[in-house]
Structures are given as C-alpha cells and as structure tokens.
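Only one structure is covered here, and it is reproduced in the block below.
The values are calculated or read from the model by the stated rules, or taken from the named source; none is laboratory data. The structure displayed is predicted, hence computed values, not measured ones. Glycine also receives a Cβ, built like all others from the backbone with ideal geometry; neighbour counts cover every protein chain displayed. Side chains included, ligands, DNA and RNA excluded: accessible areas come from the protein's heavy atoms. Shrake-Rupley method; radii C 1.70, N 1.55, O 1.52, S 1.80 Å.
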Amino acid sequence: MTALVVSASALAASAERGLKLPDHLQQGELVICHASPGSQVTLGGKPLHVARDGTFVFGLDRDAPATVTLEIRDANGSATTRQIKVAKRQYHIEHVEGLPQKTVTPDPETATRIEREQAAVAEARKRDDEREDFLRGFALPVAGARISGVYGSQRIDNGTPKSPHMGLDMAVPEGTPVHAPAAGIVTFAEPDLVLTGGTIMIDHGYGLTSSLAHMSRLDVKVGEHVARGQVVGASGMTGRASGPHVHWGFNWFDVRLDPALLPKPVH
C-alpha cells in the first residue's frame, strides 16, 4: 500500500512539473497558464486547447463559482488535480436613459432580427486558432478615454431591467479613431446591428475575441489581419446607445470577460 501511495505522489509531482498558474483569480478574468509540453488539460471536465509549448487559457465568467477544478495529465500519463479559488466581485447598478426604445423592448420583427444577428455573432466566437496573439497583451481601443460603463453592472435601460453590461464603455466624441486592442484576425464586421450598431470582432487565438461596438465607421473587412494599435474604425452611437462611445467586449468562446482585467501590452 505504501509503495502505491509513493507511486501516486510521484505521478502527481510529474504532472505538476512545469505547471504555472496565477496566484489570485477573480470573476470575469482571463487566465493564461502553462503546463509541460504534451499535456492534456480539462476545466470542470471540459478539454482545453493546449499549445505545443504547454500554453493554455480559460475564462471565468461574471458569476463564476468560488472554486474551479483543473485536471492536468502530462505526456507520460501522470495526472494531478488542482482546485483554484475564485474571488467574488461586487457589481454596480447602472441606470441608462435615452436609448432607442425599439432596442430595449423590441417589436416581434425587430426581436427576430436581433436573434438572427446574435446567432451570427455567436458563430464567429467559435473559432479556435493556434495563434497566440493574446500573449503580447492588450491596450485600450481609445487611449486615455473616460470610462463610462464597466463590466458586470446590472443595467436598467429606459427604466427596464436588462442583462448585465458585459464590457467596457469609453465615452469619446463621434468619429474618434478606434484601435485594435491586440493583434488578430477580423472575424466579423457589420455596420448596422440592432443592439450593437457598427460592430467588429477580432480573433486573438484560442477562442479569445474582442468586440468593438456602436461604431460609426468600419475600416476593416472579415479575414483581414490587424496589428495592435491599428485603426479599425471610428466611434459612434449606432445601435442601443444614448451617446457617442466605444464598447469593448471580450470573450473566451461564449464566456464574457472583463477587458479591464486583461494583461497590459508587452513591447
């Protein structure tokens, strides 16, 4: 029995070798980790994309539980399980008035259009490239802008309770240049969605996407490679907006994350 225990401990130690996880995690965070090359990793039983160098990522949604479970199995079959604590956040309540009412309480025809548009957005978020553009960090789409809306806030739109606000809003004059927060490939570019107006999505690899919304002008096309800091369009107040601003949303596949918690640019 003792020999078996020692053997199991040795196997766990093998799987732990080369494993790098952040010390502190919180709801809404993008988590970038490393395991030994050739490892297989699951999060709550779901397989994660692991690069040849062992890099893997996952996202913790707005209401992620207090702990998440990672299982790592190295190239030799040795396995270890890690329980990771997730800090709970407190979210504000935001009241927004002056929105186009059809975007708050849409009629049946508009609701059908919204459903169709959101399905197209969801499809674009399924991409899972090997590219690691996200490792170079992220910059604000408009440097120095006033932050007018934050991630996770419960929204009351025109007096109607709506879903939480899942991104970062930057209040800027209409026509202000909007920059790509990180390098990537444009996977979605539409000028007139009901809710988000002019919308661009940039894929950064491993299921990570930035969404830039309410834009008055789009300067890029689907399939185009963009560099961090490249102008991709101009701010506006298209879609469900009460004033000119840029909304920056960020996703790990269908999990919405807080852009304010993303790693800063690496030069």
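Structure summary
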quantity	calculated
Where labels lie 7 Å past Cα in the beta-carbon direction, separation of Asp53 and Ile147 in nm	2.9
Spatial separation of Cα centroids for the range 241-267 and the range 62-95, in angstrom	20
Rounded to the nearest 20 debye, dipole of the range 104-208 from Cβ charges on Lys, Arg, Asp, Glu	320
Cα-based reach from Lys102 at 18 Å (exclusive), listing lysines while leaving out same-chain residues under 8 positions away	Lys162
Relative contact order (%) - criterion: Cα under 8 Å, at least six apart; region: the range 188-267	28
Partners for Lys20 among lysines (Cα-Cα distance below 16 Å; same-chain residues under 8 apart left out)	Lys85
Surface share of carbon and sulfur [accessible, 1.4 angstrom probe, percent] for the chain	54
The chain: relative contact order in percent, alpha carbon pairs under 8 Å with at least 6 residues between	18
Relative contact order %, the range 72-220, counting alpha carbon pairs below 8 Å whose residues are six or more apart	24
Integer Hz, Karplus 6.51/-1.76/1.60 couplings in order for the range 175-186, x for Gly and Pro	x, 5, x, 10, 10, 5, x, 7, 5, x, 10, 6
Helix-derived mean residue ellipticity, 222 nm - over the chain, DSSP H n ≥ 4, -39500 (n - 2.57), to 500	-4000 deg cm²/dmol
J(HN,Hα) series, the range 133-146, from Karplus relation 6.51 cos²θ - 1.76 cosθ + 1.60, nearest Hz, glycine and proline x	4, 5, 5, 8, x, 10, 10, 4, x, 10, 5, x, 5, 6
The range 100-117-the range 184-206 distance, computed between alpha-carbon centres (Å)	19
Chain lengthening between Lys264 and His34 when straightened (0.36 nm per residue, less Cα-Cα)	81.0 nm
Net length gained if the chain between Gln154 and Asp128 were fully extended (0.36 nm per residue, minus Cα distance)	6.3 nm
Most mobile listed residue (Thr81, Thr103, Thr112) in the chain, GNM with C-alpha springs under 10 Å	Thr112
Surface accessible to a 1.4 Å probe, per residue, for the residues of the range 21-103, Å²	55
Residues Arg89 and Val231, FRET efficiency given R0 of 30 Å [Cβ-Cβ distance, rounded to 0.05]	0.40
Per residue accessible area in Å² of the range 159-226, where ligands, DNA and RNA are left out and the probe is 1.4 Å	32
Gained length - Ala120 relative to Arg82, 0.36 nm times residue gap less alpha-carbon distance	10.1 nm
